[in-house]
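Reading through the structure tokens given below for one structure.
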Amino acid sequence: MAENLSFAKDKIRILLLEGIHSSALDWFHRMGYANVESLNEALDEQALIEKMRGVHMVGIRSRTQLTRAILEQADKLMAVGCFCIGTNQVDLEETAKMGVPVFNAPHSNTRSVAEMVLGLVIVLYRDLFKKSVAAHRGEWLKSAKDCHEVRGKTLGIVGYGHIGSQVSILAEALGMRVLYYDIQAKLPLGNAQACPNLEFLLQNSDVVTLHVPQTPETHRMMDEQRLAQMKVGSFLINASRGTVVDIDALAAHLHSGHIRGAAIDVFPKEPAHNEEAFLSPLRGMEQVILSPHIGGSTVEAQANIGTEVAQKLVAYSDRGTTDGAVNFPQLQLSEHANAHRILHIHANVPGVLQAINKIMADLEINIVGQHLQTNRSIGYVVLDIEKQTTDETLERLRQVNGTIRCRILY
């Protein structure tokens, strides 16, 4: 029914920021969306406010901050795509109030992160970083001292989700014993063993790797008390969120020798661009591997992310599908042949569906398909009707109490 779309695809403006992979652009073009602007950099607040005016869909990565001030000026915005795992750079409450679904790619770079974590485990145990730095200085540190195989060591995984479980499989393949802890009950893969609590995992792991989301509960989860619970001479790896580890406390434990080494890929405060200086109390410590938030930054992962998020944005624009939205009721929809589709987004208050159906009955419009899904604050109704939608129908639907936005899809 593409020819019956209420808003031509070539009029839908799409803005992609931060050098999103060309696979996204390819998918938009393939699906008939030609009005796409792609920029390699993030924009500051004022520049982004100007750029967002008239834009219908925006794609960002982790540097761009979609704050309330910016969103309030986005006069045409209908969907946001986060071409990464996290969505904390977007004001999800404000986008929900606006009736704007936010999509991300929670799984496309899981393998990339898992592979890097296993590489870091090996590098830490072989003391490769210090030896490499020394070799660059002209020093030859050929010695087996403090170098160990990972086989037989115990890896503790905090957060046994999509990434943590893949780390588990790869670690077992290397001959490691795997312990894991998650706030939700998770079935183990392979021979991994669930821990009754986080303290047990920390006390019994030779290497601890963190794979948790950024939430109030995980903020500085690895603080002075938790770091003190780790085994003497153990390693810590964080490729999850920068706020999870108290960096100052970690530095103190590294200086004391209680924690033998660490590999940190994410930080509480990260440079906004490559030209900005990176500041951290961990700088200069040869037992610490520092990397610039690149756990998921592989060509394969970025290509997969580009396609995945672009597909979700197109599915919403073409069919109203919100499957995978992080701030929105989720509906997976197919096109309804020989029907017209209306999207009604509203506050989740009683009586909305009844009011919508009364309008349809009053106007003698037959509903051939109806979908409703709600979350805590938002209700989302998709109507497939036989009659061509008139201005009167749309106006009456927009007058329903609690309506956030209502539009004809096709």
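Output the helices (runs of 4 or more DSSP H) that fall wholly within segment 190-297 and possess 3 or more residues being touching a Lys or Arg at 6+ places or on another chain (Cβ under 8 Å), or say none.
The helices (runs of 4 or more DSSP H) meeting that bar are 198-204.
Of these, Val400, Val314, which one is touching a helix residue (DSSP H, G or I) at 6+ places or on another chain (Cβ under 8 Å) and either closer than 30 Å to Ser62 by Cβ or among the basic types (Lys, Arg) (or both)?
On inspection, the qualifying residue turns out to be Val314.
Report yes if Tyr160 is under 20 Å from the mean Cα position of the chain (by Cα), outside any helix (DSSP H, G or I) and not polar (S, T, N, Q), otherwise no.
Yes: the conditions hold for Tyr160.
Please identify the pairs in which a residue from segment 373-390 that is over 16 Å from Gln332 (Cβ atoms) and open to solvent by 10 Å² or more (accessible area, probe 1.4 Å) has its Cβ atom under 9 Å from the Cβ atom of a residue that is of a type in the set (A, V, I, L, M) and assigned to a loop (DSSP other than H, G, I, E, B), counting only partners at least 6 apart or on another chain.
That search, which allows pairs on different chains as well, returns Glu386/Ala339; Glu386/Ile365; Lys387/Leu363; Lys387/Ile365; Thr389/Ile365; Thr390/Leu363.
Which members of segment 166-179 meet the condition of being outside any loop (DSSP other than H, G, I, E, B) and farther than 21 Å from Ala228 by Cβ?
Gln166, Val167, Ser168, Ile169, Leu170, Ala171, Glu172, Ala173, Arg177, Val178
Could you run through segment 297-323 and say how many residues are under 29 Å from His273 (Cα atoms) and open to solvent by 10 Å² or more (accessible area, probe 1.4 Å)?
Final tally of qualifying residues: 11.
Tell me yes or no: at least one residue of segment 174-182 is open to solvent by 80 Å² or more (accessible area, probe 1.4 Å) and free of Cβ contacts under 8 Å to residues at least 24 places away in the same chain.
no
Which count do you get for residues in segment 288-311 that are within 11 Å of Phe28 (Cα to Cα), out of contact with any Ser or Thr (no Cβ under 8 Å at 6 or more places or on another chain) and not β-branched (Val, Ile, Thr)?
1
The values are calculated or read from the model by the stated rules, or taken from the named source; none is laboratory data. Remember, it's a predicted structure, so these values are computed and weren't measured experimentally. As a convention, Cβ positions derive from the backbone with ideal geometry for all residues, glycine included, and neighbour counts pool all protein chains shown. Just so you know, the surface numbers come from the protein's heavy atoms only, side chains and all, with ligands and any DNA or RNA stripped out. Shrake-Rupley method; radii C 1.70, N 1.55, O 1.52, S 1.80 Å.
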